[in-house]
1. Kindly indicate whether Ala279 is open to solvent by less than 30 Å² (accessible area, probe 1.4 Å), small (Gly, Ala, Ser) and either at pLDDT below 90 or outside any helix (DSSP H, G or I) (or both).
2. Given the conditions (1) β-branched (Val, Ile, Thr); (2) under 27 Å from Leu364 (Cβ atoms); (3) at pLDDT 75 or above, and given that Thr200 satisfies all but one, which numbered condition is not satisfied?
3. Given the criteria in contact with a Phe, Trp or Tyr (Cβ under 9 Å, 6 or more places away or on another chain), under 20 Å from Lys426 (Cβ atoms) and open to solvent by less than 40 Å² (accessible area, probe 1.4 Å), does Leu266 qualify?
4. Within the range 355-384, take every residue that is at pLDDT 90 or above and hydrophobic (A, V, I, L, M, F, W, C) and give me the one that is surrounded by the most Cβ atoms within 10 Å (Cβ to Cβ).
5. If I ask for residues that are within 27 Å of Lys333 (Cβ to Cβ) and among the aromatic types (Phe, Trp, Tyr), which ones from the range 369-424 would you list?
6. Identify all residues within the range 284-300 that are free of Cβ contacts under 8 Å to residues at least 40 places away in the same chain and under 21 Å from Gly372 (Cβ atoms); write none if there are none.
7. Is there any pair linking a residue in the range 10-26 that is assigned to a helix (DSSP H, G or I) to one that is among the hydroxyl-bearing types (Ser, Thr, Tyr) and open to solvent by 40 Å² or more (accessible area, probe 1.4 Å), with Cβ under 6 Å and at least six apart or on different chains, and which?
8. Restricting attention to the range 235-258, and to residues there that are part of a loop (DSSP other than H, G, I, E, B) and charged (D, E, K, R), which single residue is nearest to Ser222 (Cα to Cα)?
Amino acid sequence: LTGVLDDCLCDIESIDDFNTFKIFPKIQKLQERDYFRYYKVNLKRPCPFWADDGHCSIKDCHVEPCPESKIPVGIKAGSSNKYSKGANNSKELEDCEQANKLGAVNSTLSNQSKEAFIDWARYDDSQDHFCELDDETSPDAQYVDLLLNPERYTGYKGPSAWRVWNSIYEENCFKPRSVYRPLNPLAPSRGGDDGESFYTWLEGLCLEKRVFYKLISGLHASINLHLCANYLLEETWGKPRWGPNVKEFTRRFDPVETKGEGPRRLKNLYFLYLIELRALSKVAPYFERSVVDLYTGNGHEDAESKALLLDIFRDTKSFHMHFDEKSMFAGDKKGAKSLKEEFRLHFKNISRIMDCVGCDKCRLWGKLQTQGLGTALKILFSEKEIQSLPENSPSKGFQLTRQEIVALVNAFGRLSTSIRELQNFKVLLQQTR
């Protein structure tokens, strides 16, 4: 990938350099701080759009329950009763155990952490959202340590995973069903249609609707990159070895194997990176106020976390080729307002679809990254409110909850990692040729 991206005046090489040398090392450090590593999530919310098809798509089979202390938070109640124990043969049990191991969410938290969360909650307040937020007071909502639950390949694939992405693209990307979108390199092509009719149609859309599609496509590309870069390569003596899978990367992104679709997806990843980068630079004044603490109860740690976050904001502001969001929703006020609301509702719907993801770890990271992007959009559409924030008192007009802050930073961290991993795959591909 080289050259200038569509719909903005920025080239890929500049983003690569900026990310590798400035952003990536700092955002990695920030994600390890206590404030950013714990995310509260409800992994038990039912899918609001179709009958739930159970835990992980590999096999929905009964496995002997673990001791209470070791049961992962996200195992959905009741899903194991769909088939009787006798109906499962040993191969299915093996597959299911493997899927459970790969997709399980590690929910171990110290008592100290739990007490800190009660304190943090007092610092939160909430308002207008682009995302369907989990009810944090629900008994099913629990804190997850993101460092103990890295995003990686879990074996979750097949009809259940397809249905989620299909629903996102087909029903939420402002697209008539008659226009074919080549969703995935594995998708069967429809006759002689190579998907070009979709792009001809996309170019005819207004900027806002084009941007919406690119954000979703970029998120999809980023998630696929994480899975390729953190793939289960082998498991010997019960010790899994994770690493980059070049074959899987090629299958998902190679221009020939994807009929030209792969590079477009990767360009959309860069576009999404620019959008979230822009949001970080815009939200800086919110955090620069002395009234905003990244509160964990440990004063020294909190001060260090805030200093590192402000340092990252300085870097984002120094980037000289930002996306200009002023070009969006800039028409007549009434039309712009209704389009913005449509944009918000479509995105909110996508955040609800994340409750239909059948693998807990995929659901966790899907919800987090969707909420991060939703928070970025909220920031970009609240510029006036952010600029008029009072210095020494909590703001009425614009507020971010701790959940939104954690999601924003971790979602951008995932994009930064994706672009870093892409550099790594370029090197690996050169070595294999």
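1. Criteria not met by Ala279.
2. (2)
3. yes
4. Leu373
5. Result: Phe381, Phe398.
6. If the condition is that a residue be free of Cβ contacts under 8 Å to residues at least 40 places away in the same chain and under 21 Å from Gly372 (Cβ atoms), then Ala284, Phe287, Glu288, Val292 are the ones that fit.
7. Ile12/Thr2
8. It comes out as Asp254.
The values are calculated or read from the model by the stated rules, or taken from the named source; none is laboratory data. Since we're looking at a predicted model, the values are computed, not measured. Every residue, glycine among them, receives a Cβ derived from its backbone with ideal geometry; neighbour counts consider all protein chains shown. Calculation scope for accessible area: heavy atoms of the full protein, side chains included, ligands and nucleic acids excluded. Shrake-Rupley method; radii C 1.70, N 1.55, O 1.52, S 1.80 Å.
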